[in-house]
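K.L.:
Quick one: this structure, given as structure tokens, is what I'll be asking you about.
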Amino acid sequence: MRSKGCLVLVFLTGGLALAAGPCVPVPRQVLVAKPLPYPKNEDPSVLAYAAMTGDTAVDVLLPANQAASPQAVTVRVFVRGKHVETRELWLGGQLRVAREVDSTAGGRIAVSISSVAVSADGSVVALQGFDRVLIFRGEELRLSVPGVFPWDSVALTEDTFFFAPLVESPEKRLLYAHPLEGEGKPSPILEPDTHDMKTHQLKLAVRSDQKLWAVDAFTLKAWLLSRAGAVQRRYAPPDFLDEPPDVTEENFRALEAYRAQAMGDATRKPPRVELRPASRREQVQALTSVGTKAVLIRNSPHEEEKKVRLLVLNESSGTWRCLLVPASGDGATLRGTSAGVFLVSPHETFFLPAELLEGDQPQRGEGARGGSF
Amino acid sequence: MFGAFYRVARLIGCLVLAALVPAGALGYIDVCDTHYERGCEVRHCIKYQGERLVMLDDGTVVIQYYGYLGQTWTYYC
């Protein structure tokens, strides 16, 4: 244990000097093998989903043979690794849309839940389907919100459901907040920059103090919001990373193939088809919070290196730090706690203590230090 | 010279790809919803290069979409 501590210290003090490129390499020896704060699912007849916010974790369990049309799911709540509650959530046929998808474990499987989310106190759980999101307080279904959102693009506080749609046009907003109580409707709380009407989508992560991190997966601009959704601070993207290329033209060509298919449907009158190609590539694979920091996996253009690029945003200084973790990033996700972050991939699980995320990184421009936009 | 070679190579590549991809399969996945606007059926689709169920080391799963291409609106009036 002492030798691990020494390695962390050496890394913290000497890492910057040894760094090659903008990302600081993390020695494999400082990665800690630590059990997750919920049990590993080893039963192949059970399909399990997990979510963590602060020190609260849930796993959501259902029979694998009912994955396409579950009637109910079991939710177990864990606080700092201790099992505190089990709930049965009755779905009542609300998740009617199933999709058959390739599994990294082999074969194809039809599922109707894509991911889950939990509030910091564990009282509210969201089940994301393929046409709607169901939000439960305790065992009571509070909301059924139509829409399809990628993982990490919905978040929960004790009283609000946040969701972030894909934005390609000025009429949409970056972020909506839906109160869990009353008959309230979703209200828009973040507008896209009118000078940048390219592709946007926010990834969301709730902190244990119920403040919300929102990071644009396409631009890496970031916001810190109160639990009610008020913007408290804006953060400029890290300036030590290269600007991703514009991919509008190649995506337009891909969508043109769809237009040809739609126009060629002999069974219907030729429709009018409008295409909005994505202008840039998504940069964020997963987002979480560790204490007051935002931590994300940046999609790597160098996957063959088998390294995970972690970007860490410091709330108070407003600076970003990039860490290069020697692990496979393909399909990996993050589960943040107050003590550090678990990096969970299909093949391994590592824990990075919060001390590893401390420190500053040289920035390219003066303005980037504590930068905002 | 290289530019011409590149264009020819790209054309051949496109033709090979077109031959490999079966008719109707465009090599991407859709996440669609249908609604009605002013008497027209509107099919809105978000298009990705793919989606997959990722089985993580902890035995839990998550559905990941990857390769966001853009969105389409198809108006049947």
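K.L.:
Calculate for chain A the 222 nm mean residue ellipticity that helices alone would give, adding -39,500 (n - 2.57) per DSSP H run of length 4 or more and normalising by residue count, nearest 500 deg cm²/dmol.
P.N.:
My calculation for chain A gives -3000 deg cm²/dmol from helical runs alone.
K.L.:
Please list, in chain and number order, the residues 5+ apart from A:Val24 or on another chain whose amide H is under 5 Å from its amide H, with Hs placed from the backbone.
P.N.:
Under 5 Å from the amide H of A:Val24 lie the amide H atoms of A:Cys322, A:Leu323, A:Leu324, each far enough along the sequence or on another chain.
K.L.:
List, in order, the whole-Hz ³J(HN,Hα) value for each residue of segment A:114-120 obtained from phi through the Karplus relation with A = 6.51, B = -1.76, C = 1.60 and θ = phi - 60°; use x for Gly and Pro.
P.N.:
Residue by residue, segment A:114-120 yields 9, 6, 10, 9, 9, 7, 5 Hz.
K.L.:
Which lysines, on any chain, are close to A:Lys198 with Cα under 17 Å apart, when same-chain ones fewer than 8 places away are left out?
P.N.:
A:Lys172, A:Lys221, B:Lys47
K.L.:
According to the square roots a ≥ b ≥ c of the eigenvalues of the Cα gyration tensor, what is the shape class of segment A:183-266, taking rounded for a/c under 1.5, prolate for a/b larger than b/c otherwise, and oblate for the remainder?
P.N.:
Oblate, since a/c reaches 1.5 and b/c is not below a/b.
K.L.:
Something else: Counting only the backbone N, which residues of segment A:117-135 are under 15 Å from the spot 7 Å out from the Cα of B:Cys32 toward its beta-carbon?
P.N.:
A:131
K.L.:
Sequence gap at least 6, Cα distance under 8 Å: using those rules, report the relative contact order of segment A:23-110 to the nearest whole percent.
P.N.:
Here the relative contact order equals 20 percent.
K.L.:
Take the alpha carbon gyration tensor of segment A:41-150, find the square roots of its eigenvalues, order them as a ≥ b ≥ c, and report rounded if a/c is under 1.5; if not, report prolate when a/b exceeds b/c, else oblate.
P.N.:
Verdict is oblate for segment A:41-150.
K.L.:
Let me ask something else about it. Contact order normalised by length for chain A, with contacts defined as Cα pairs under 8 Å and 6 or more residues apart; what percent is it?
P.N.:
Contact order relative to length: 13 percent.
K.L.:
Then there is this: Once label points are set 7 Å from the Cα along Cα→Cβ at both A:Asp265 and B:Glu41, what is their separation, rounded to one decimal in nm?
P.N.:
Output for this residue pair reads 0.6 nm.
K.L.:
Still on this model: Read phi for every residue in segment A:321-330 and hand back ³J(HN,Hα) as whole Hz from Karplus 6.51 cos²θ - 1.76 cosθ + 1.60, θ = phi - 60°, with x for Gly and Pro.
P.N.:
9, 10, 10, 9, 9, x, 8, 7, x, 5
K.L.:
Just tell me which lysines come within less than 20 Å, Cα to Cα, of A:Lys40; anything on the same chain fewer than 8 places away is out.
P.N.:
A:Lys82
K.L.:
Could you give the spread of the C-alpha atoms of chain A along their three principal axes, from largest to smallest, in whole angstroms?
P.N.:
Largest first, chain A extends 66, 49, 43 Å along its Cα principal axes.
K.L.:
If you put +1 on each Lys and Arg Cβ and -1 on each Asp and Glu Cβ, how big is the dipole of segment A:104-248 around its Cα centre, in Debye rounded to 20?
P.N.:
Roughly 200 debye, rounded to the nearest 20.
K.L.:
Identify all aspartates and glutamates with a Cα-Cα distance to A:Lys293 below 14 Å; exclude those on the same chain that are fewer than 8 residues away in sequence.
P.N.:
Within the straight-line limit of under 14 Å, A:Lys293 reaches these aspartates and glutamates: A:Asp209, A:Glu315, A:Glu355, A:Glu358, A:Asp360.
K.L.:
Could you check the spin-label model distance between A:Glu171 and A:Ala257? Points 7 Å from the Cα along Cα→Cβ, value in nm.
P.N.:
For the pair A:Glu171/A:Ala257, the computed spacing is 2.9 nm.
K.L.:
Now for a different question. With r defined as the distance between the Cβ atoms of A:Ser328 and A:Ala228 and R0 fixed at 35 Å, what FRET efficiency is calculated, to the nearest 0.05?
P.N.:
Efficiency for this residue pair is about 0.35.
K.L.:
Oh, and also: Quick check for me: using +1 on Lys/Arg Cβ and -1 on Asp/Glu Cβ, what's the dipole size of chain A about its Cα centre, in debye to the nearest 20?
P.N.:
It comes to approximately 220 debye.
Coordinate-derived values only; no laboratory data. The structure displayed is predicted, hence computed values, not measured ones. Glycine gets a Cβ as well: all are built from the backbone with ideal geometry, and neighbour counts include every protein chain shown.
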